[in-house]
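Q: Can you read through this structure? Questions will come right after.
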Amino acid sequence: MQFQQLRYFVAVAETLHFTRAAEEVHVAQPSLSQQIRSLEKELGADLFTRARGNIALTEAGEALLPLARRILADADTARHEVQELAQLRRGRVRLGATPSVCTGLLPDVLRTFHDLHPGIQLLIEEGGSHDLVRELARGGLDLALVVLPLPSPSPALTTVELLHEDLVVVSAASAPRPGRGRSVRIAELQGAPMVMFRHGYDLRELTVAACRAEGFEPTFTVEGGEMDAVLGFVRAGLGLAVVPRMVAARAGRDLRVTPLARPGLSRTIALAHRSDVAPPRAARELQRVLLASHAAPAGSAPQTVSASSRE
């Protein structure tokens, strides 16, 4: 018994017409009829009655039909799964991430993924959450690492919380320690020279809002940089900066890291993809590696949201 014979049998059973069935499976009608006769001979039973051009399933045909459909469905599933696995030997993943996530989170994760799947090309697009959401919407990205919460126009996204990260204060190692102890309160940053990110950074808005909540405007000595530039300015002694703890951990010994006193500041990083389109197999594998490397908080679950945000 061959898959091709079963496929022809199901086509005839559904159309009850040999010629139309042959057209559906793209084979000549005599060839289809011959394969059906071979199948009947192998099974030892007629599958169709052929009376004056009228085609009907016999009792044996009725018994075979659901089994044949199941066999063909299982064969298609097996073929699909094998092809999906084969894709992990080659292909690409288009991943968007905010600049601070690229600096802090991604290097180790991408190294792990590359070690597992060296044939997969990784295309990284760095940008603010607003831009990344737009790229997801138009199909330019498979996945994106964004900062929550996202406001709510469209398009609809599915987000899974990846990690909840504290923010810390970094300063030049040669400069005096900020604050009066091992941690620094936001209020103690009043009047301190600060290096500030460009407009559009979530970190900028979060820091400015925290200072205003304490009743003062932050003092900027330099503003407008990306993450690497900001860290460079801090190393040069131009001021303090508020950055994610993961970024600070990679910043090097020439920077001093001071925690913020409770309640401090934090942010939530989430992995997002379009709700209406399943990510490709390779992207789903990268998603698995990301989630395994940075398990989400207990009780968190995928959320469908719609929106744009800023980094």
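The values are calculated or read from the model by the stated rules, or taken from the named source; none is laboratory data. Computed from a predicted structure; not experimentally measured. We place every Cβ from the backbone using ideal geometry, glycine too, and count neighbours over all the protein chains shown. Only protein heavy atoms, including side chains, enter the accessible area calculation; ligands, DNA and RNA are left aside. Shrake-Rupley method; radii C 1.70, N 1.55, O 1.52, S 1.80 Å.
Q: Count, please, the residues in segment 11-34 that happen to be within 16 Å of residue 68 (Cβ to Cβ), in contact with a helix residue (DSSP H, G or I) (Cβ under 9 Å, 6 or more places away or on another chain) and open to solvent by 40 Å² or more (accessible area, probe 1.4 Å).
A: Adding up the residues that qualify gives 2.
Q: Okay, next question. Just one of (1) assigned to a helix (DSSP H, G or I); (2) of a type in the set (Gly, Ala, Ser); (3) under 30 Å from residue 130 (Cβ atoms) trips up residue 96, so point out which.
A: (1)
Q: Going by what's in this entry, would residue 283 be described as of a type outside the set (Phe, Trp, Tyr) and either farther than 20 Å from residue 133 by Cα or open to solvent by 70 Å² or more (accessible area, probe 1.4 Å) (or both)?
A: Spelling it out, it is not the case that residue 283 is of a type outside the set (Phe, Trp, Tyr) and either farther than 20 Å from residue 133 by Cα or open to solvent by 70 Å² or more (accessible area, probe 1.4 Å) (or both).
Q: When you go through (1) surrounded by 11 or more Cβ atoms within 10 Å (Cβ to Cβ); (2) part of a helix (DSSP H, G or I) one by one for residue 55, which number turns out not to apply?
A: (2)
Q: Here is a further query. Looking only at segment 118-147, count every residue that is open to solvent by 10 Å² or more (accessible area, probe 1.4 Å), modelled with pLDDT of 85 or more and under 15 Å from residue 99 (Cα atoms) and tell me the total.
A: Final tally of qualifying residues: 4.
Q: For residues that are under 27 Å from residue 205 (Cβ atoms) and not hydrophobic (A, V, I, L, M, F, W, C), scanning just segment 99-117, find the one that is surrounded by the most Cβ atoms within 10 Å (Cβ to Cβ).
A: 100
Q: Take residue 129 and decide whether it is among the hydroxyl-bearing types (Ser, Thr, Tyr) and touching a helix residue (DSSP H, G or I) at 6+ places or on another chain (Cβ under 8 Å).
A: Judged against the criteria, residue 129 is a match.
Q: When only residues in segment 210-240 that are under 30 Å from the mean Cα position of the chain (by Cα) and open to solvent by less than 70 Å² (accessible area, probe 1.4 Å) count, which is nearest to residue 175 (Cα to Cα)?
A: Restricting to residues being under 30 Å from the mean Cα position of the chain (by Cα) and open to solvent by less than 70 Å² (accessible area, probe 1.4 Å), the top hit is 231.
Q: Turning to a different aspect of this structure: Which of the residues spanning segment 87-96 are in contact with a helix residue (DSSP H, G or I) (Cβ under 6 Å, 6 or more places away or on another chain) and surrounded by 20 or more Cβ atoms within 10 Å (Cβ to Cβ)?
A: Scanning segment 87-96 gives 93, 96.
Q: While we're on this one: Determine which member of the set 62, 84 is surrounded by fewer than 17 Cβ atoms within 10 Å (Cβ to Cβ) and either assigned to a loop (DSSP other than H, G, I, E, B) or touching a Lys or Arg at 6+ places or on another chain (Cβ under 8 Å) (or both).
A: Result of the check over 62, 84: 84.
Q: What do you reckon, is residue 192 loosely packed, with under 15 Cβ neighbours inside 10 Å and of a type in the set (A, V, I, L, M)?
A: No: the conditions fail for residue 192.
Q: Another one. I'm checking my understanding of the structure. Among residues of segment 148-158 that are out of contact with any Asp or Glu (no Cβ under 9 Å at 6 or more places or on another chain) and open to solvent by 40 Å² or more (accessible area, probe 1.4 Å), which one is farthest from residue 276 (Cα to Cα)?
A: So the residue we want is 149.
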